Amino acid sequence: MTMGQRVRPTAAEIFAPADLLQGILVVSSFGFWAVMLGLVPVLLFRVWLT
């Protein structure tokens, strides 16, 4: 076996897909709450006016 050759994958290689999925989930949930907090007052105001 030569120097620098790994037999087992590193923890970063194992958990990279899970980290990516969690990052996408966090970003999408922030986007969801930003849209909700932006739209709810507008919709309530429109309903209140009618």
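The values are calculated or read from the model by the stated rules, or taken from the named source; none is laboratory data. Small disclaimer: the values here were computed from a predicted structure and weren't measured. Just so you know, the surface numbers come from the protein's heavy atoms only, side chains and all, with ligands and any DNA or RNA stripped out. Shrake-Rupley method; radii C 1.70, N 1.55, O 1.52, S 1.80 Å.
Condition first: open to solvent by less than 100 Å² (accessible area, probe 1.4 Å) and in a helix (DSSP H, G or I). Now tell me which residues in the stretch 1-23 satisfy that.
Ala11, Ala12, Ile14, Ala16, Pro17, Ala18, Asp19, Gly23
The rows are residues; the columns are (1) under 15 Å from the mean Cα position of the chain (by Cα); (2) modelled with pLDDT under 75.
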position	(1), (2)
Gln5	no, yes
Arg8	no, no
Leu20	yes, no
Val27	yes, no
Phe30	yes, no
Trp33	yes, no
Met36	no, no
Pro41	no, no
Phe45	no, no
